[in-house]
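Peer 1: Below is one structure. I have some questions about it.
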Amino acid sequence: MQHNRRQVLGLAIAAGLAPALGVNSAFAQSQDWPRRAIKVVVPYPPGGTADIMGRMVALKLGKAFPKISVFVENISGGATVPGAMALMRDPADGHTLLMASDNTLNINHWLLKNPRYDADKDFTPVTVLNTYPHWLIVNANGPYKSFDDLVKAMRAKPGKLSISVNTIGGAAYLALDSWRRENGLDFAIVPYRGSAPAVTDLIGGVIDGHVDVVGSSIAHARSGRVAPVVIMRSQGLKEFPNAVTQNESDPKALTVRSNQSVLVRSGTPDAIVNKLYEILKSASTEDDYVKTIDTLSIESVLTEPAKAKAFILSETKRYGVLVEKSGLEKQ
């Protein structure tokens, strides 16, 4: 009986210590991190806004851990699924990060029959890093000199004008589709594989307008080859005062709310997630980071992990409504 009592007591003590041991184990793991190279996965080709910000994240992590190799791996295509799966294949230990847009985090859930991951469950956000301001640009030497010119032409020639986007079903496509329905407009939405070929065709007169992330086509606007006619949010851009803004609370307005987040695989210890967040938050005040943000005309957000998680969950629901109204079928 005495032996049994000691055994029961030992089990009870072990059970009581288990949570504390788990916490201590996670703490020890975070103290030992990073133990090897850190990989930042960018699910887009080199050179775009996401890639530039991914390299900035890698640069700041490299500065924080000078003895550790930090590198960017571009895994593009496949609606960002290959990039997302690269994160899923690696351990949940904070040594692999993913730069994720709304497509990866919210839209694929509604548009892909088998995305092979559940972003709301499989990923933990370190932060919502930045927003992506969008604009509608036209050929600077074309017939449309303002947003009103373009809308009047759409009404005068239903079905004749075309506006391009960088991907079908993305944030820009869903925004254009919603605006088209809300205002009874009739024009074609033409998907391209990225900004570069779309802008080339815009300059060549093949399409009438292009919706793009500001940072991806700002060099063409600065050179005078394209002209932004509308900034797709309430806040304008000082550099382009002739581009009108849109009221983000008006359902009939042409607006896009698009974000880029930094993720790790779910199961990564909270201490590591918080450490990553603090590094990026501190880096966001440094001169080169601020200059990059200004050059790309994007906005730094740096939402803390818990708030980022809640925001991303709400965005998944919002995009679900837009996808349903668009009539797009799962692929």
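Peer 1: Looking only at the range 244-275, which residues are crowded, with 19+ Cβ neighbours inside 10 Å and more than 23 Å from Glu315 (Cα to Cα)?
Peer 2: Pro269, Ile272
Peer 1: Asn103: closer than 30 Å to Val199 by Cβ and modelled with pLDDT of 95 or more, yes or no?
Peer 2: Criteria not met by Asn103.
Peer 1: Can you name the residue in the range 18-45 that is assigned to a loop (DSSP other than H, G, I, E, B) and loosely packed, with under 13 Cβ neighbours inside 10 Å and is also modelled with the lowest pLDDT among such residues?
Peer 2: Asp32
Peer 1: Can you give me the number of residues within the range 213-226 that are surrounded by 21 or more Cβ atoms within 10 Å (Cβ to Cβ) and not in a helix (DSSP H, G or I)?
Peer 2: Qualifying residue count, the range 213-226: 2.
Peer 1: Kindly provide the set of residues from the range 302-331 that are hydroxyl-bearing (Ser, Thr, Tyr) and over 25 Å from Ile168 (Cβ atoms), ordered by number.
Peer 2: Thr303
Peer 1: Identify, by number, the condition in (1) out of contact with any Gly (no Cβ under 9 Å at 6 or more places or on another chain); (2) within 30 Å of Met88 (Cα to Cα) that Val213 doesn't meet.
Peer 2: Unmet for Val213, out of (1) out of contact with any Gly (no Cβ under 9 Å at 6 or more places or on another chain); (2) within 30 Å of Met88 (Cα to Cα): (1).
Peer 1: For the range 302-331, how many residues are buried (at least 17 other Cβ atoms within 10 Å of the Cβ), modelled with pLDDT of 95 or more and not in a helix (DSSP H, G or I)?
Peer 2: Residues that pass the stated criteria total 2.
Peer 1: Further question on the same structure: I'd like to check which helices (runs of 4 or more DSSP H) are fully inside the range 137-212 and have at least 1 residues that are without any contact (Cβ under 8 Å) to a residue 60 or more places away in the chain and more than 23 Å from Thr49 (Cβ to Cβ).
Peer 2: Answer list for the range 137-212: 147-156, 171-182.
Peer 1: Of Thr268, Thr295, which residue is in a loop (DSSP other than H, G, I, E, B), among the β-branched types (Val, Ile, Thr) and under 21 Å from the mean Cα position of the chain (by Cα)?
Peer 2: Thr268
Peer 1: Looking at (1) modelled with pLDDT of 95 or more; (2) closer than 24 Å to Ile38 by Cα; (3) exposed (fewer than 15 other Cβ atoms within 10 Å of the Cβ), find the lone condition where Ile68 falls short.
Peer 2: The single condition Ile68 does not satisfy is (3).
Peer 1: For Val128, state whether it is hydrophobic (A, V, I, L, M, F, W, C), on the phi < 0 side of the Ramachandran plot and in contact (Cβ under 8 Å) with a residue 60 or more places away in the chain.
Peer 2: Judged against the criteria, Val128 is a match.
The values are calculated or read from the model by the stated rules, or taken from the named source; none is laboratory data. Please read these numbers as outputs of a predicted model, since none were measured by experiment. Glycine gets a Cβ as well: all are built from the backbone with ideal geometry, and neighbour counts include every protein chain shown.
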